[in-house]
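A short write-up of the structure that comes next.
The values are calculated or read from the model by the stated rules, or taken from the named source; none is laboratory data. Everything numeric here is computed off the predicted structure, so don't read it as measured data. Note that we place each Cβ from the backbone using ideal geometry, even for glycine, and neighbour counts take in every protein chain shown.
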Amino acid sequence: MPPTIHVTQPIPENGLNLLRAEANVIFGPAGRSPTSAELADRVAGVDAVLCFVADPIDANVLAAAARTCRVVANYGVGVDNIDLDAATRLGIQVTNTPDVLTDATADLAFALILAVARDLKGAALLAAGGAWTGIAPTLIFGCDVAGKTLGIVGGGRIGTAVARRGRGFDMPVLYTSRTEKPALTQLGARRIPLDELLALADFISLHVSLNMDTRGLIGRSELARMKPTAFLINTSRGAVVDEPALIAALHARTIAGAGLDVYANEPRIPRELLESPNVVCLPHIGSATRETRARMAEVAACNVLACLRGDVPPNPVNRPMPRQH
Ligand code: NAP
């Protein structure tokens, strides 16, 4: 009998076709993330789960799947939605889709930098609202990007790709990471402690993965170190930033603004952020280009199929314990 793969929400057809060639594919409903209880119901008895970064793959879901399930393949690079310890203990392989989404996400982070610097939100509203009376000497003053200092928090794949874009805009680049990154050094970027980066950078772009150490990494005291002319850009995970502290800093104008793709309690975006004139809010679309999502679908499918064949998958995240049955 072919194996059964539960795909929590439909992904691009190229990935589904790879799966269908070797397995029976069943879906959760499109358009919204399932709850943990719904997932636990649906994954019992399946051989693999292909899920999205908003799906809560917690210990209950993994326990419900564990008797038959060999792999949980995340359609995304961040795996903070998955209880990795539980998966490892239960002998379930977890995989992700690194690299193929790096450029799309870095492009979006840079789009946010440009959007907040040039007040594209205010400018687009003015144009669309019909109140524009013509080009004027002091209308919609943004700030320069070229020559301004870019601060990268988390010098991994996406952080490095954003740094590369910054160099293309003639920006000096500072970064903070636990280890020196030769690729960033080669770009001329300088590694400094977070506190110093916060005080020196004009655009601070967050690229750490979310884990116990990075949750709330940017809180009240970190925001207080930023220059009043500096902007915070977050395309990593919402919980890396203390959202109430960010709202307070924006309200008090102790920072110039923010460009956000991710939020602490998605899909809820706090009204204060949506209504703030100096904040650009996007609905978590970092990797959402046709080409990138198709590549992610292929990579996620290849990870599932490798595990079902008993091979080491291309993108393992954990080292599962030997299974008891
Ligand atoms: P990556 O190459 O693994 O980079 C992750 C970075 O996080 C590394 O620089 C790492 O620092 C840092 N980090 C991890 N744990 C840390 C800790 N405890 N303290 C300090 N730094 C820590 O991952 P990536 O491919 O660049 O992706 C980064 C994140 O972007 C993902 O995890 C995901 O959450 C997010 N993302 C969002 C979207 C979106 O749609 N908005 C799309 C893709 C990815 P070291 O190198 O020093 O270890």
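Is at least one residue of the stretch 21-33 closer than 20 Å to ALA301 by Cα, in contact with an Asp or Glu (Cβ under 8 Å, 6 or more places away or on another chain) and at pLDDT below 95?
yes
Give all pairs with beta carbons closer than 8 Å in which a residue from the stretch 227-238 that is on the phi > 0 side of the Ramachandran plot and outside any loop (DSSP other than H, G, I, E, B) meets a residue that is of a type outside the set (Gly, Ala, Ser) and buried (at least 23 other Cβ atoms within 10 Å of the Cβ); count only pairs at least 6 apart in sequence or on separate chains.
Close Cβ pairs (under 8 Å, with a partner that is of a type outside the set (Gly, Ala, Ser) and buried (at least 23 other Cβ atoms within 10 Å of the Cβ)) do not exist here.
Counting only residues that are in contact with a strand residue (DSSP E or B) (Cβ under 8 Å, 6 or more places away or on another chain), in a loop (DSSP other than H, G, I, E, B) and closer than 19 Å to HIS6 by Cβ, how many does the stretch 301-314 have?
Number satisfying all stated conditions: 1.
Return a yes/no flag: does the stretch 25-42 have any residue that is among the aromatic types (Phe, Trp, Tyr) and touching a strand residue (DSSP E or B) at 6+ places or on another chain (Cβ under 8 Å).
Yes, because at least one residue in the stretch 25-42 is among the aromatic types (Phe, Trp, Tyr) and touching a strand residue (DSSP E or B) at 6+ places or on another chain (Cβ under 8 Å).
Give the residues of the stretch 164-193 that are under 20 Å from the mean Cα position of the chain (by Cα), within 11 Å of the ligand (Cβ to nearest atom) and not hydroxyl-bearing (Ser, Thr, Tyr), sorted by residue number.
ARG178 - this is the single residue of the stretch 164-193 that is under 20 Å from the mean Cα position of the chain (by Cα), within 11 Å of the ligand (Cβ to nearest atom) and not hydroxyl-bearing (Ser, Thr, Tyr).
Do any residues in the stretch 258-269 that are in a loop (DSSP other than H, G, I, E, B) have Cβ atoms under 7 Å from those of residues that are near the ligand (Cβ under 10 Å from one of its atoms) and basic (Lys, Arg), where the two are at least six apart or on different chains, and which pairs are they?
VAL262/ARG237
Does the stretch 117-136 hold any residues that are within 30 Å of ASP202 (Cα to Cα), free of Cβ contacts under 8 Å to residues at least 60 places away in the same chain and not in a loop (DSSP other than H, G, I, E, B), and which are they?
Result: ALA123, ALA124, LEU125, LEU126, ALA127, ALA128.
Where residues in the stretch 64-82 are within 11 Å of the ligand (Cβ to nearest atom) and small (Gly, Ala, Ser), which of them is surrounded by the most Cβ atoms within 10 Å (Cβ to Cβ)?
Within the stretch 64-82, the match that is surrounded by the most Cβ atoms within 10 Å (Cβ to Cβ) is GLY76.
Would you say ASP213 is more than 23 Å from LEU114 (Cβ to Cβ), within 14 Å of the ligand (Cβ to nearest atom), of a type outside the set (Lys, Arg) and in a helix (DSSP H, G or I)?
Considered against the rule, which asks whether it is more than 23 Å from LEU114 (Cβ to Cβ), within 14 Å of the ligand (Cβ to nearest atom), of a type outside the set (Lys, Arg) and in a helix (DSSP H, G or I), ASP213 comes out as no.
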